[in-house]
Every structure is written in C-alpha cells, then in structure tokens.
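Working notes, beginning with the structure itself.
The values are calculated or read from the model by the stated rules, or taken from the named source; none is laboratory data. Everything numeric here is computed off the predicted structure, so don't read it as measured data. Neighbour counts are summed over all protein chains in view; Cβ atoms, including those assigned to glycine, are modelled from backbone coordinates with ideal geometry. Keep in mind that these areas ignore ligands, DNA and RNA; they rest on the heavy atoms of the full protein, side chains included. Shrake-Rupley method; radii C 1.70, N 1.55, O 1.52, S 1.80 Å.
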Amino acid sequence: MKKILSSNIVENVIELLSESYPNLLNLSDRYQASCFDWVHLGNSDIEVGKVLDFIRKSPELVPPRTGHLGNWDPIIEGRAGALDFNKVICDNKFGYPLIYCFNQTEDVELNQGDAVYLPGSKIEGNNRVLLPLYTWNGEQFIERDRTIPLFTPFVFTKVKGKMQSLANFHLNRCKDLNQYEFRSEANIIYSQKDLVKKLLYVLMEDAENQINSKRAFQNLFSHVATLEGTIKRADILVDSNGYRMGEAYFKNKDEFIQSAMIPFQAVVDSCNFVSNLHQLPNHVPIISNILSGVLSAIFHSHYSSSSVQRDCMTQPFNPHFHWGARDMAGYPPRRKGYFAEKSTTKSYKKILQVIVRHFPEVDPVLLVLLPSSIFMLWPVDLYRYDLSAVEELLEDVIESGDSYENMEQMHSHINKMVERWFEKHKYDISTYFLNRFYPGSGIPYGRNTHNFSNPVEPMQFRKLTFRQACMIVGCLMEIVPKKEKKV
C-alpha cells in the first residue's frame, strides 16, 4: 500500500520559493519546455531558518550532502575544520551524507588527488596512517607508491592481511560509526543499471548527432581510467570502426556502455569485479560529474523512500534539494561555485531534455542548491569565546538590514563589518575557527587537533538570509588569510 503523504511536496516547495523566485509559478509550459531549471539559495533573501524548518517538517525530503569517499571519523567527532559543516547538516537532519566514490587517492605532497578527505589514508585520533594501496597490473594486485593519484574504485588495501577494496574499507568504516545513514551515489546509480544503460545509449545517440559532438560527449564521459588506477581526461572519437577514448577502443555503443558500468560494479560489488578482472578491458570510460549529478537527481537521492509518488513529489517538476560544498555551491558573490558556470547549467539542461523526451517515467528537474558553507559560521563548543564573538557579528549584520541600492553596496557594507569584527576579535578567537577560512582547507590532524567537539548554532543564525550568510563567509575567506598567519 502506498504511503499517503500529509501534503503536496511540490506545492510546498513552490510556496517556499515563490517570493524570491516568482517565475516558479509559471509551471506547465516552462518545465515541459526546458526540462531543467535551478536556483541557488545563496543568491536569495530567504531566511535560513525558514528553509531549515521546511526541511525538518518534510520527512520525505532529505537533501543529500555529497561528501567524498574518505575519512568521516573526524567529521562525526567535530574536529574536521571547515568540513564541520557536514556534521551540522547531518546531526540536525537537514540532510544526509551521500558518498561520492569516484575521487582519487592523495599523492605524497598532497598537491594532487583528494587532499581534503584523504581516501588513501586512515585518520586515527590525531594521526594520519597511510594505507597500503594496491591495483591490478594485468596479472595480479601489486602495491603502488604515492607519486600519482589513483582512481579509488580500482584501488584495494589490506585489512588484517586480507585484501579489501578501498571503497568498501571506507564505506564500512562509515557504517561502523553508526551515526548517520550513509548512502553511496554509486549504489543509487548501479541499482538502476538497466535503466542507466538505456539512458546512456540514447544520450550517446544524441551526442553523435550534435554539430559539436565532441562537447556533447564530454558532458557524458569526461575521463578514462585504467585498471592500474591511472586516470586522465580524454575525448571520444567516433568512426566507422567504433568508439575510441584515449587508448581505449570499443566496437559499438553497447560495449562502451558496458565498460562504463565497471567502476560502479567495482564499488558496489567488488567480489564480482575481482573475479572478472582477467576479462575486463584495461581502459574504462568514466561518466562525468555532470551526468552523475543528473542521475542522482532523477533517481531521487533527495527522497528518503524509494516509493516516490509522482503526482505530489515530482510533478510538474522534481525538486532536487542538494547541499553543495565549497566547490559546487561556493559562497556567492565572492565565490559562486562551479554549478553557477553557464556551461554546467547548459549541459544539465541539454541532458535532461534528451532524457525527459525519451523516457516518460522521468520528470523535469528543479535543482535547489543550498550552500553548505553557511555552517562554517557555527563555532564548536570547546572554544566558548568563538560563539559570543560570532553572535556579535551576526547581530550586527542583521541590524544593518537589507535596504541597499544594489548587491554591490550590500557586499561592501558587510565586508567592512567583517573587517572591523576581525580586527576586534582576532587575538581571542580560536585558531581552529579561523583556519576554516583558508581556501581548500581539509581535515586537520596532528598534535594541536582536539579530540571531540560539537558545533553550536549561534543566536540569530536562522534570521540571516542565505545571501547575508554567504557574504559573511566569503568576506572571512578573503580577510582571514590576508591578515592572520595560519597555525
């Protein structure tokens, strides 16, 4: 029996957003024509508290916070620096951790690969332990050094003398923590593998017929990986003999698509992946981040139940709420995030137009991008001075109001307030809090790292608009590195 929802989720989303985005009321023609639209709440004057309350009161709607495969212990323990925003979101049920498994291990110098989540390591307390990394050489698994990053789905490590895929190692650690309902994006996509293959076939057909087929293919498949774990960007070339991508050659679309599913199998079903290694192609196409995001949306990663009622949950559009981190959603206007790039949104729209046109079971998507960076303003309870200082800043911003001639004037005014606040408090506020605002800062470890803490919500935080919160974070990201030496 279908669960009867207490209300129409899509209608509630329209009501929530319509004041800031009145065009959302123009539904039937607009969404059927475009098949995709998006809003960035970091550019809106919607109060933060209004959206957080909306999420908490909509139990079916659980926005994903797409974090990478790697070390989540420090996040759960409240000692992850800037990545504490994950803990705020997950602890408070504003979202859940959706693990992206197609990242790369970090190199020796931490200049390449994922130097934020450190998937090639295990953080234990304040220590970083390097994991042994193994990949296939065509005959057997051999240990690799860390001179180059390695594609994590094809990497294995040893646990108590037994070989285990790196993805399983970290995903099992997440489950053992028993704190959040972790899901892997690869699992969500692979569970729909039959439909995915059909989608990919149609998308490749469409790409071949485009004037700029090279760009159309890039939107679908961005890189090629080897079973040895190397990965590089490559274009797809089509001729009478089939499809070539880098050094890989596939005689037809079916063979190409079958190969593109291998990384998903490596994550979700590593035993079968290993048993078939001798028969697998050495070069494998990797679906793009753009296509991965589209699949995550149409397979309802933002809903807690698999039994989605289309009439009230995805029609006339599917409202894909998504907590984007610093790269994806940024902290506008200082950093808009990669999703705001015209090429990205154009690619989403094109892909969804093809899918919706060919697959009646897929509805148009409205992506509601929520900036996770706003929670960098939550201090942790170990440093009590931080809380009172942040509350003072938020109070000043709220009292200044929003009666500005334009956004540039508003940003300039908030920047001056943040500068004055920083000069007043910089010698008393904790290094832990300030270090969050260094670009690219990842999970800290070492002697000076505390063992456990909880982020604390500052008073007035919910009264901020998303625009104000993002501006404050952006100003701190600009001011702190310039005026304070990192510790």
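Considering only strands (runs of 3 or more DSSP E) fully contained in segment 82-182, which possess at least 1 residues that are surrounded by fewer than 24 Cβ atoms within 10 Å (Cβ to Cβ), of a type in the set (Lys, Arg) and over 16 Å from the mean Cα position of the chain (by Cα)? Walk me through it before giving the result.
On the way: elements: 96-100, 121-124, 127-130, 133-136, 141-144, 156-159, 162-165.
It comes to 121-124, 127-130, 141-144, 156-159, 162-165.
Criterion first (farther than 18 Å from Gln179 by Cβ and crowded, with 24+ Cβ neighbours inside 10 Å) does Leu69 satisfy it?
Answer is no for this residue.
Search segment 421-448 for residues being touching a residue at least 12 places away in the same chain (Cβ under 8 Å) and of a type in the set (Ser, Thr, Tyr), and hand back the single one that is most open to solvent (accessible area, probe 1.4 Å).
Filtering first and then ranking leaves Tyr445.
Here is a list of conditions, (1) modelled with pLDDT under 95; (2) assigned to a helix (DSSP H, G or I); (3) out of contact with any helix residue (DSSP H, G or I) (no Cβ under 8 Å at 6 or more places or on another chain); (4) not acidic (Asp, Glu), and Val356 meets all of them except one; can you say which number that is?
Among (1) modelled with pLDDT under 95; (2) assigned to a helix (DSSP H, G or I); (3) out of contact with any helix residue (DSSP H, G or I) (no Cβ under 8 Å at 6 or more places or on another chain); (4) not acidic (Asp, Glu), Val356 violates only (1).
Quick one: Lys349 ticks every box in (1) open to solvent by 10 Å² or more (accessible area, probe 1.4 Å); (2) in contact with a strand residue (DSSP E or B) (Cβ under 9 Å, 6 or more places away or on another chain); (3) assigned to a loop (DSSP other than H, G, I, E, B) except a single one, so which number is it?
(3) is the only condition that Lys349 fails.
Could you look through segment 237-252, keep only residues that are in contact with a Gly (Cβ under 9 Å, 6 or more places away or on another chain) and open to solvent by 10 Å² or more (accessible area, probe 1.4 Å), and pick out the one that is nearest to Lys198 (Cα to Cα)?
Within segment 237-252, the match that is nearest to Lys198 (Cα to Cα) is Asn252.
Would you pick out the residues in segment 33-64 that are in a helix (DSSP H, G or I), closer than 27 Å to Gln353 by Cβ and touching a Pro at 6+ places or on another chain (Cβ under 8 Å)?
Ser34, Leu41, Gly42, Asn43
Filter segment 46-66 down to the residues that are open to solvent by less than 10 Å² (accessible area, probe 1.4 Å) and under 19 Å from Asn178 (Cα atoms), then identify the one that is nearest to the chain's Cα centre (by Cα).
Arg65
Mind checking which pairs have a first residue in segment 449-471 that is within 27 Å of Ser20 (Cβ to Cβ) and assigned to a helix (DSSP H, G or I) and a second that is open to solvent by 40 Å² or more (accessible area, probe 1.4 Å) and among the hydrophobic types (A, V, I, L, M, F, W, C), Cβ under 6 Å, 6 or more apart or different chains?
Here the result reads Lys463/Ile398, each pair linking segment 449-471 to a residue that is open to solvent by 40 Å² or more (accessible area, probe 1.4 Å) and among the hydrophobic types (A, V, I, L, M, F, W, C).
When only residues in segment 223-235 that are open to solvent by 10 Å² or more (accessible area, probe 1.4 Å) and part of a strand (DSSP E or B) count, which is farthest from Leu280 (Cα to Cα)? Write out each step before concluding.
Filtering segment 223-235 down to residues open to solvent by 10 Å² or more (accessible area, probe 1.4 Å) leaves 223, 226, 228, 230-235.
So of that shortlist, the ones also part of a strand (DSSP E or B) come out as 223, 226, 231-233.
Values: His223: 17, Thr226: 10, Ile231: 16, Lys232: 19, Arg233: 20 Å.
Out of the qualifying residues, it is Arg233.
Identify the single condition in (1) open to solvent by less than 60 Å² (accessible area, probe 1.4 Å); (2) not in a helix (DSSP H, G or I) that Val418 does not satisfy, given that it satisfies every other one.
(2)
Could you pull out the residue among Ser270, Ser275 that is under 16 Å from Gly229 (Cα atoms), modelled with pLDDT of 95 or more and open to solvent by 10 Å² or more (accessible area, probe 1.4 Å)?
Ser270
If I filter segment 449-466 down to residues being farther than 22 Å from Val51 by Cα and not polar (S, T, N, Q), which single residue comes out as surrounded by the fewest Cβ atoms within 10 Å (Cβ to Cβ)?
The qualifying residue surrounded by the fewest Cβ atoms within 10 Å (Cβ to Cβ) is Phe452.
Select from segment 144-166 the residues that are in contact with a Leu (Cβ under 7 Å, 6 or more places away or on another chain) and farther than 21 Å from Leu291 by Cα and list them in ascending order.
Residues satisfying the conditions are Arg144, Leu150, Val155, Phe156, Thr157.
For the list (1) modelled with pLDDT under 95; (2) under 24 Å from Ile262 (Cα atoms); (3) small (Gly, Ala, Ser), I need the number of the one condition that Gly113 fails.
Here Gly113 meets the rest and fails (1).
Report, by residue number, each residue of segment 299-349 that is within 30 Å of Ser412 (Cα to Cα) and basic (Lys, Arg).
Arg326, Arg334, Arg335, Lys336, Lys342
Got a number for residues in segment 366-399 being among the acidic types (Asp, Glu) and assigned to a loop (DSSP other than H, G, I, E, B)?
Result for segment 366-399: 1.
Hey, can you tell me all the residues within segment 184-215 that are buried (at least 17 other Cβ atoms within 10 Å of the Cβ) and not in a helix (DSSP H, G or I)?
The answer is Ser184, and nothing else.
Kindly indicate the residue of segment 67-81 that is among the hydrophobic types (A, V, I, L, M, F, W, C) and part of a loop (DSSP other than H, G, I, E, B) and also farthest from the chain's Cα centre (by Cα) among those meeting that condition. Talk me through it step by step, then tell me what you get.
So in segment 67-81, the residues among the hydrophobic types (A, V, I, L, M, F, W, C) come out as 69, 72, 75-76, 80.
Among the residues that remain, those that are also part of a loop (DSSP other than H, G, I, E, B) are: 69, 72, 80.
Details: Leu69: 11, Trp72: 14, Ala80: 17 Å.
In this case the residue turns out to be Ala80.
Go through segment 316-341 residue by residue and tally those that are open to solvent by less than 10 Å² (accessible area, probe 1.4 Å), of a type in the set (Phe, Trp, Tyr) and under 12 Å from Gly293 (Cβ atoms).
Count: 1.
Go through segment 293-312 and give me each residue that's open to solvent by 10 Å² or more (accessible area, probe 1.4 Å) and part of a helix (DSSP H, G or I).
Result: Gly293, Ile298, Arg310, Asp311, Cys312.
Kindly provide the set of residues from segment 52-96 that are polar (S, T, N, Q) and either modelled with pLDDT of 95 or more or under 16 Å from Ser184 (Cβ atoms) (or both), ordered by number.
Thr66, Asn71, Asn86, Asn92
Just checking, how many residues over segment 72-81 are more than 28 Å from Ile148 (Cα to Cα) and open to solvent by 10 Å² or more (accessible area, probe 1.4 Å)?
Of the residues in that region, 2 qualify.
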